[in-house]
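Down below is the structure, laid out as structure tokens.
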Amino acid sequence: MKKNLYFLPLGGTGEIGMNLNLYGWGPQKNPSWIMVDLGVMFGEHRAPGVDLVTPDPSFIEEKKDQLLGIVLTHAHEDHLGGIPYLWNRLGCKVYATPFAVSILQRKLSEFNLNDKIEIIEVELGSKFSIGPFNLEMISLTHSIPEPNAIAIRTPAGTVLHTGDWKFDPEPITGEAVNQNFLSELGSKGVKAIVCDSTNVFSPGHSGSEGELEKNLFNLASNCNGKVVIACFASNVARLTTISKVAISTNRKVVLAGRSLWRIEAAARENGYLSDIPNFLKEEEVQYINDENLLIICTGSQGEPRAALSRISEGNHRYISVGEGDRVVFSSKIIPGNEKAIADLQNSLIRRGVEVITENDALIHVSGHPNRGELTKMYQYIKPEIAIPVHGEIRHLKKHAALARECQVKNTFVIENGTIVCLGPDEPSIVEHVTSGRLSYEGNRLVPITGKLVKNRTKALYSGFAVITVLYNIKGELVTDPQITTTGLLNDGDDEIIHEIFTSVRSIIENLSGPELKKDATVNNAVRLTTRRIFRTRLNKNAMVKVHLLRL
């Protein structure tokens, strides 16, 4: 039976976040699969109450006996954060390099899963096999330690899955990318590259982490008050740079935010931050003069429960800011967070704080490749096929055009749920399968497009009312209907309530005996009438729930 090589994204293609990629080898109806990354996405502005979203793994869950393992490219949440939530649906081994293992183990301990999941630690640059797949971890650079591309070798050819990457000539953690190795890989023949698209609209080079120290030094040295620097917790290189700045400006470094402490512990466990003094805890702020204090904190994206938001609102137990203090946003704005970040910065400015962003000075560089780096990667790898991932559709189309400019013969602009046959024959799209998003609700996962989230969203924007009707067997109301509303009525809206009561009473009195015995008929009549009143009087298409009680 003929065997083929397949690629199938279930998350992270057509969107940025919650990456889930599958590679298959074998007959079309029954291939063996490996998964590369299993991430999450935080928040969903169109779905209130949704704090965490995962990809829907239904396709591979139904075939989990054919899933041989999960391989992680690196330790960012959008690449490994889904494992605690989805592993019980998959039940396979997890392969990762040491830093990612440390981060994952800490996450799993919060879910009491450490003893249930078999984690295989693989060394940087190592080669190993999972079933018919021969894999090689290739060290790149990114905004977290140990980012890996994976060379996936099969009888149909080699696929280079880049993960998140950039070419940083001066990385603060890890080594610069061995570009000669990539060139050698390309010279041996690469069937396909599956590549990061995040910065495809940005020309030139993404910049180096090593370029930031000078400007951060200037910002810390010419401030007479506290210096607060907000950055992504996982950026160990940035923690290193900021710590060096603190030493050279005679400031002590305080970490504010639990995620920073988790990253710090994992980093030291793996030999990073070895030349950096121990950080101070938040409660130690009171013993240090403002001019000798540098605080690294979470919350650069305006997250409401993060340290910086609490500081800006004056609600932090130990840390306060005001006139003479400086807050530096050593981060970019993730699309969708613009309003939250603006509100946070406005709150800080009202307290007299000077706010510095990447618009004011070079204080942040991206962890993803700009167009110049993408072009160089294509020159090294010379793939037959390019599949852009890690981007919205606009990123993917732009990336595919760039790949064609780099003489790549076949490009595929696909989204989650599309299966591409990569070889051995001419590449083609062969099938579209179930994909989607799941919302983590308390202790369960539900479809984000399902009834629960839809009803909550409708109630938020349109209001919600519960009408309770108590009537006897003769069709007579025993008492006035009871109405409870959320987000609809103000004090003094008695006229609307009276209209609802009158209309409901009229409905009950005018229904025939047989109709009164049918709950569905009574319920529907009361609900539609109540909704009509809200629509007419308030221009709101309210959700209405009717409770019927008979005596």
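Please verify whether Lys3 is over 22 Å from the mean Cα position of the chain (by Cα), modelled with pLDDT of 95 or more, over 23 Å from Arg262 (Cβ atoms) and surrounded by fewer than 24 Cβ atoms within 10 Å (Cβ to Cβ), treating the condition exactly as stated.
Yes: the conditions hold for Lys3.
Exactly one of these conditions fails for Ala542: (1) closer than 27 Å to Arg456 by Cβ; (2) exposed (fewer than 15 other Cβ atoms within 10 Å of the Cβ). Give me its number.
It fails just one condition, (2).
Could you list, in sequence order, all residues of the range 377-397 that are crowded, with 17+ Cβ neighbours inside 10 Å and either among the aromatic types (Phe, Trp, Tyr) or more than 17 Å from Ala151 (Cβ to Cβ) (or both)?
Once the filter is applied, which keeps residues that are crowded, with 17+ Cβ neighbours inside 10 Å and either among the aromatic types (Phe, Trp, Tyr) or more than 17 Å from Ala151 (Cβ to Cβ) (or both), the range 377-397 yields Tyr378, Tyr380, Pro388, His390, Gly391, His395, Leu396.
Kindly provide the set of residues from the range 343-354 that are in contact (Cβ under 8 Å) with a residue 24 or more places away in the chain, exposed (fewer than 15 other Cβ atoms within 10 Å of the Cβ) and more than 29 Å from the chain's Cα centre (by Cα), ordered by number.
Within the range 343-354, just Gly352 meets the criteria.
Just one of Arg456, Arg535 is surrounded by 14 or more Cβ atoms within 10 Å (Cβ to Cβ), of a type in the set (Lys, Arg) and assigned to a helix (DSSP H, G or I); which is it?
Arg456
Against the condition touching a strand residue (DSSP E or B) at 6+ places or on another chain (Cβ under 7 Å) and of a type in the set (A, V, I, L, M), how does Ile497 come out, does it pass?
Criteria met by Ile497.
With respect to Gly174, is the statement that it is surrounded by 19 or more Cβ atoms within 10 Å (Cβ to Cβ), more than 23 Å from the chain's Cα centre (by Cα), outside any loop (DSSP other than H, G, I, E, B) and not hydrophobic (A, V, I, L, M, F, W, C) true?
no
Of the residues that make up the range 268-287, is at least one small (Gly, Ala, Ser) and buried (at least 16 other Cβ atoms within 10 Å of the Cβ)?
no
Only one of (1) part of a loop (DSSP other than H, G, I, E, B); (2) free of Cβ contacts under 8 Å to residues at least 40 places away in the same chain; (3) surrounded by fewer than 16 Cβ atoms within 10 Å (Cβ to Cβ) is not met by Asp425, so which one is it?
(2)
Only one of these conditions is not met by Lys474: (1) surrounded by fewer than 16 Cβ atoms within 10 Å (Cβ to Cβ); (2) at pLDDT below 85; (3) of a type in the set (D, E, K, R); (4) in a helix (DSSP H, G or I). Which number is it?
(4)
Only one of these is in contact (Cβ under 8 Å) with a residue 24 or more places away in the chain, more than 26 Å from Ala386 (Cβ to Cβ) and hydrophobic (A, V, I, L, M, F, W, C): Ile152, Ile130, Ile120. Name it.
Just one listed residue meets the conditions, Ile120.
Would you list the helices (runs of 4 or more DSSP H) that sit entirely within the range 49-137 and hold 2 or more residues that are more than 24 Å from Gly14 (Cβ to Cβ) and among the hydroxyl-bearing types (Ser, Thr, Tyr)?
98-110
Test of understanding: among Ile333, Ile393, which residue is within 16 Å of Gln301 (Cα to Cα) and aliphatic (A, V, I, L, M)?
After ruling out the rest, the residue left standing is Ile333.
Mind listing whichever residues of the range 393-417 are assigned to a loop (DSSP other than H, G, I, E, B) and within 26 Å of the chain's Cα centre (by Cα)?
Result: Phe412, Val413, Ile414, Glu415, Asn416, Gly417.
Being surrounded by fewer than 24 Cβ atoms within 10 Å (Cβ to Cβ) and either of a type in the set (Ser, Thr, Tyr) or touching a residue at least 60 places away in the same chain (Cβ under 8 Å) (or both) is the filter here; which residues of the range 96-107 pass it?
Pro98, Ser102, Arg106
I need the full set of residues from the range 321-342 which are surrounded by 14 or more Cβ atoms within 10 Å (Cβ to Cβ) and modelled with pLDDT of 95 or more, in order please.
Val321, Gly324, Asp325, Arg326, Val327, Val328, Phe329, Ser330, Ser331, Ile341
Hey, among the residues in the range 238-265 that are among the small types (Gly, Ala, Ser) and surrounded by fewer than 24 Cβ atoms within 10 Å (Cβ to Cβ), which one's farthest from His316 (Cα to Cα)?
Among those that are among the small types (Gly, Ala, Ser) and surrounded by fewer than 24 Cβ atoms within 10 Å (Cβ to Cβ), it is Ser248.
The values are calculated or read from the model by the stated rules, or taken from the named source; none is laboratory data. Just so it is clear, the model here is predicted, and its values are computed rather than measured. We place every Cβ from the backbone using ideal geometry, glycine too, and count neighbours over all the protein chains shown.
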